[in-house]
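Peer 1: Quick one: structure below, then a few questions.
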Amino acid sequence: MRDVHVEGHGAALALTGQRLKVRLADGRSSEVALNRVRSVTVHGPATSLSGAALLALAARGIHLTILGRGGQDSAMLLSSRGHATARVRAAQFQSIEDDAQAARLCKELVATKVRNQRAVLLYFAKYSARRAPDRCSELKAAGEQLIATLAAGDRVQAAHHANWRERYFGVEGHAANLYWAVLRTNGLLPGSFERRIGRGASEVTNSALNYGYAILESRVQAALLRAGLEIHAGFFHRQRPGKPSLVLDMMEIFRPWVVDRSVIKLRRFLDGKTELDAATRKRLTGEVSDVFSRRYPYRGRRVSLDSILQRQCYRLAGTFCDGRAFKGYRFAW
């Protein structure tokens, strides 16, 4: 299966029989059979899309995402043939109103994210062992500090803390500050990176991270919708009109390994740049797609990360419906 990426001013996406045709402004074109397409991502608004192609994608449940400049704005095509989700969504709403249930989910979410941040540090520590032993030691030490931050989260209980959600956010924020600081001081990010900045960032590394997160967001949203869940009803991030809180919740599990690690691996392409150019966006998009295509251990088997993400969303739906414990996916380095 292929993830199709279309980028370039004046590109066009059309349907030819049972094949998807991509034509670039310079006249070059390529085709791929629809039954071989997993997803389509259009980078930039200056691409024309035929109605026939849109209908064909929707009919087959192929997820289409259109990303604006910098990944800050996006549009998604969803099929009108969705799952019967009334029972699942009713159970979801009931669960997130139950403080004890929501707090357990938050605790697992934060613990999984922090452990995956540690996995990223140890991954790069392993490859620094021979060439930079001091860096290796510092990354390993920071990894243990991250685990130590989780002790504060272990003490939070919804029954005893009215502001339990804020306390979990505090644990997550403290771990994030430590994580980004050690990546910066050990030279794993370009020298222009000083601190993590979200939406609207102009610094190139933050722009790359934000762009990667936009790609991840589209994949997580599609997986949650396939599981029959309401993407605007989250348990960790605050609910607000138009805010896909549940998408942001589930993204936390995959951000470090899928996006952060990919951006670090592209450091040499970011060094010295003042903006995220098309070539680097293409490299980052390809790297993220490769990560989702790779196979990882999951319950005694090796399956693609794409499948693991979907199974995590189904497992979350099961947690809402019948109270089964949710365990976030933890990457090994």
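The values are calculated or read from the model by the stated rules, or taken from the named source; none is laboratory data. What you are looking at is a predicted structure, and each value in this text was computed from that prediction instead of being measured. Note that each Cβ is placed from the backbone with ideal geometry, even for glycine, and that neighbours are counted across all protein chains shown. To get the accessible areas, we keep the full protein, side chains included, count just its heavy atoms, and leave off ligands, DNA and RNA. Shrake-Rupley method; radii C 1.70, N 1.55, O 1.52, S 1.80 Å.
Peer 1: Which of the residues belonging to segment 142-157 are open to solvent by 50 Å² or more (accessible area, probe 1.4 Å) and small (Gly, Ala, Ser)?
Peer 2: Correct list: ALA148 only.
Peer 1: Within segment 268-281, is there a residue that is part of a helix (DSSP H, G or I), β-branched (Val, Ile, Thr) and either touching a residue at least 12 places away in the same chain (Cβ under 8 Å) or in contact with a strand residue (DSSP E or B) (Cβ under 9 Å, 6 or more places away or on another chain) (or both)?
Peer 2: yes
Peer 1: Do the conditions hold for PHE235, that is, is it at negative phi and in a loop (DSSP other than H, G, I, E, B)?
Peer 2: Judged against the criteria, PHE235 is a match.
Peer 1: Ok, one more. Go through segment 176-200 residue by residue and tally those that are without any contact (Cβ under 8 Å) to a residue 12 or more places away in the chain and either under 18 Å from the mean Cα position of the chain (by Cα) or open to solvent by less than 30 Å² (accessible area, probe 1.4 Å) (or both).
Peer 2: Final tally of qualifying residues: 1.
Peer 1: Also, I was wondering about something else. Does GLY286 count as at pLDDT below 95 and within 22 Å of THR41 (Cβ to Cβ)?
Peer 2: Taking the combined requirement at face value, the residue satisfies it.
Peer 1: Output the residues belonging to segment 292-333 that are in contact (Cβ under 8 Å) with a residue 24 or more places away in the chain, farther than 21 Å from ARG226 by Cα and either out of contact with any helix residue (DSSP H, G or I) (no Cβ under 8 Å at 6 or more places or on another chain) or open to solvent by less than 70 Å² (accessible area, probe 1.4 Å) (or both).
Peer 2: Listed by number, the residues that qualify are TYR296, PRO297, PHE331.
Peer 1: OK, next. For residues that are within 30 Å of ARG87 (Cα to Cα) and among the polar types (S, T, N, Q), scanning just segment 201-239, find the one that is surrounded by the most Cβ atoms within 10 Å (Cβ to Cβ).
Peer 2: Ranking the candidates gives GLN221 first.
Peer 1: Right, something else. Being among the hydrophobic types (A, V, I, L, M, F, W, C), assigned to a helix (DSSP H, G or I), more than 14 Å from the chain's Cα centre (by Cα) and closer than 15 Å to LEU105 by Cβ, is that true of even one residue in segment 299-318?
Peer 2: yes
Peer 1: Same structure, new question: How many of the residues making up segment 248-267 are farther than 21 Å from ALA175 by Cα and part of a helix (DSSP H, G or I)?
Peer 2: The qualifying residues number 2.
Peer 1: Only residues that are surrounded by 11 or more Cβ atoms within 10 Å (Cβ to Cβ) and among the charged types (D, E, K, R): list them for segment 1-42, please.
Peer 2: Answer for segment 1-42, where residues must be surrounded by 11 or more Cβ atoms within 10 Å (Cβ to Cβ) and among the charged types (D, E, K, R): ARG2, ASP3, GLU7, ARG19, LYS21, ARG23, GLU31, ARG36, ARG38.
Peer 1: Let me ask something else. What pairs come out if I take residues in segment 106-130 that are crowded, with 22+ Cβ neighbours inside 10 Å and pair them with residues that are among the polar types (S, T, N, Q) whose C-beta lies under 7 Å away, six or more apart or interchain?
Peer 2: Pairs found: VAL114/THR149.
Peer 1: Here's another thing I want to ask about it. Tell me which residues, restricted to segment 1-32, are touching a Lys or Arg at 6+ places or on another chain (Cβ under 6 Å), under 24 Å from VAL291 (Cβ atoms) and free of Cβ contacts under 8 Å to residues at least 24 places away in the same chain.
Peer 2: Correct list: empty.
Peer 1: So for segment 326-333 (the condition being modelled with pLDDT under 90, within 23 Å of LEU209 (Cα to Cα) and of a type in the set (Phe, Trp, Tyr)), does at least one residue qualify?
Peer 2: Checked against the condition, which is being modelled with pLDDT under 90, within 23 Å of LEU209 (Cα to Cα) and of a type in the set (Phe, Trp, Tyr), segment 326-333 yields at least one hit.
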